[in-house]
Every structure is written in C-alpha cells, then in structure tokens.
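Inspection log for the structure reproduced underneath, given as structure tokens.
The values are calculated or read from the model by the stated rules, or taken from the named source; none is laboratory data. None of these values were measured; they are calculated from a predicted model. Every residue, glycine as well, gets a Cβ built from its backbone with ideal geometry; the counts of neighbours run over all protein chains shown.
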Amino acid sequence: MKNPKNKVFDSQLFKRLLHYIKPYTGIFIIALMTVIGLAVFGALRPKVLQLAIDQNIAQKFEPGFSKYILAMLGLLILEVTCNLLFIYYASWLGQSVVRDIRTKLFKHILGFKMTYFDNSSVGVLITRTVTDMERIADIFGEGLFMIFSDILKMGVVGVVMFYMNWQLSVIVFCALPIVLIATKIFQKYMKKAFEDVRTEVSNLNSFVQERITGMKIVQIFAREKIESENFRAINDRHKKGWIKTVWYNSVFFPIADLLSSVTLGTVIWLGGLNTVLDQTASVGDLTAFIMMVPMMFRPLNQIANKFNTLQMGMVAADRVFKVLDTTSNIQDHGDVVLENIKGDLEF
C-alpha cells in the first residue's frame, strides 16, 4: 500500500477505508444529516438574535419579541438533538468499521507462514490489531464528520454574514486566507510528526512484549541493565515525537486565536463607527457579527485539531493495510475431499 511521505492526505488510502462503510450506508447517512443540522441550526441563531434586537429591543417594541425567543429556543433544542444523535451514530459507525477490519486482519494473520513470525515483531502485530484500530475508529467519531461539519458551518455563516452586511463581511474574509495558509503548513508538519509518533509506539509495544515474553533469557544472561537502557532510549524517542506535535500545536493555535481576536476587534470598531455615524450597520448586525466571527474562526481551529485526529487515523490505517497486503499466507488450492478416513498411519 503506497503512502508517499510528501502527501498531506492520501486519497487512495481514504477511498479504501470508505469501502468498509458500505454495509452501514444507512447509519452513515443519518450521521451526515445530523452534521448538516448542526451547521445550519448553529448558523441561524445569530440571525434570529439580530432580528430580535433590530425589530424589538432597539425599537422598544414588545409585540413579536416572544416568537424570536421561541425560535432561539427551538434552534438550540434542534442543535442539541443533532449533536446527541451525531455522537452516538458516528461512534457506532466507527466501532462497527473497526470490528470488521480487525476481524479481517486477525483472520489474515492466522494464515501467515511461520517464517513471517520468525522475521516479524509480535509486538508490532499487537499494535496493529489493537492500538491502531482505535485510531481508525476516531476517523469517523471525531475526524471525518466533524471536519465536514466545520467546513459547512463556515460556508453557511459566511453566506449569512455577507447577506446581512457585506462591508463587515469583507473584514472577516480578508483574514481567512492567512489562517488557511497557516493551517495548510500546520497539517503538513503534523502528518510527519504523527508518523514518527506511531512508529515509536510500535517500537515500544514490540520491545516490551518481546522482553517480557523472554524475561527468562534476559535474566539468565544478566541483561537487565542493558535492556533498561535500550528501553530508556526508545521511550525518549517516543517522548520527543509527542513533544514535536505539542510544539506545532503551541505555535499554530495561538496564532489562529490572535487573528480571530484582531478580526473581532476590527469588526467591533468599524461596525460601531458605522452604527453611530453612517447608519450602514444596525445594532443587531453588530451583535450578530460578534457571535459569528468566532463561528468562522473556531471551526478553522477545530479543523486543524480534527485533522490531527484524522491524520493519526490515516497513518494507523496505512499500517494496518500494509499487514493486510502482506502475501505470506499459506495457499490452499486443494480440491480433494476425503470422505472415509480410517486414521491409520504408516511410515
């Protein structure tokens, strides 16, 4: 299975993974619909608030105000319901797919020739069958659907913002390309970092499993100190791999938050001037934009975060499929069926 190191996202690997969703198409559609609901209902709340402020609060006009309150409550209930259904069905889908792949993987391993086990680490196979599978489940529970939801929410919010006040929208849209470029660079470096982390996790599992299994040999040859130093080196490389991912996160997310805060401050400043001086924006517009600016930038942060989860799952899937693609199985081409067996042995 090819997974070029210079690719940020391996579409062929992803398509192969999606093949396992086919038996659960109905659940996939339900999860997708709940994601769409989360994006739409969340984006409509600021618009309802804007109408309530401009038509009732600012005008000190009470009739009709209750309908906006009920609309806000209804949207909130719908959003919570969609979130509940999404969490359940997305997790159910992920665990179902993982169960199928894990069963197929174990059955495939059972057919390997003994020479494969002589030349391969049992600890690595355990990692592929257990730990890597959980990372694949996260693709559906936290990665794939949430990324789609965040992109859709940004699109809906962007349309609503432009419809309400295009002048204030331009301020927000000018800052987005900077965050998008930073996100793309961040994803590239995080992919390499996660590959290093998964490699060291496999090395740790393999080392511990082999030494514990062969503890009698370790103690007979008095290798306790040597093996302890070897483990310390592997464990240190694992720590450095994780520290690298933490460093990338610590650089990216503060930059994204800073851009979001600067954009929000600019919107409040210019929006406030427009409201007071030019009357090209209403108080409701300004209030809605204060709500929607974080709704535009927070998904970008979440996309980067969920892309980390997706990337770890893709790295794990690549490793699992490499085992599934291994052709070390004992071929069974026999076509003779024995009906009467006496059980006598002759030498």
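Just to be sure I understand the filter: pairs with C-beta atoms under 8 Å, separated by 6 or more residues or on different chains, first member in the stretch 33-49 and of a type in the set (Ser, Thr, Tyr), second member in a helix (DSSP H, G or I) and surrounded by fewer than 19 Cβ atoms within 10 Å (Cβ to Cβ). Which pairs pass? Sorted first by the residue in the stretch 33-49, then by its partner, the pairs are Thr34/Asn83; Thr34/Leu85.
For the stretch 29-43, the candidate set comprises residues that are of a type outside the set (Gly, Ala, Ser) and surrounded by 19 or more Cβ atoms within 10 Å (Cβ to Cβ); within that set, the residue that is nearest to the chain's Cα centre (by Cα) is Val35.
Okay, residues lined up against (1) surrounded by fewer than 16 Cβ atoms within 10 Å (Cβ to Cβ); (2) within 23 Å of Leu310 (Cβ to Cβ); (3) among the aromatic types (Phe, Trp, Tyr):
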| site | (1), (2), (3) |
| --- | --- |
| Val80 | yes, no, no |
| Leu85 | no, yes, no |
| Ser96 | no, yes, no |
| Lys104 | yes, yes, no |
| Ile109 | no, no, no |
| Asn119 | yes, no, no |
| Thr127 | no, yes, no |
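With a requirement of 3 or more residues that are without any contact (Cβ under 8 Å) to a residue 24 or more places away in the chain, the helices (runs of 4 or more DSSP H) lying completely within the stretch 96-198 that satisfy it span 114-119, 144-164.
Just name the residue that is modelled with the lowest pLDDT out of those in the stretch 63-78 that are surrounded by 11 or more Cβ atoms within 10 Å (Cβ to Cβ) and over 22 Å from Leu38 (Cβ atoms). Applying the filter and picking the extreme gives Gly64.
Set side by side, the residues Lys60, Lys2, Lys7 differ, and just one is modelled with pLDDT under 85, surrounded by 13 or more Cβ atoms within 10 Å (Cβ to Cβ) and of a type in the set (Lys, Arg), which is Lys7.
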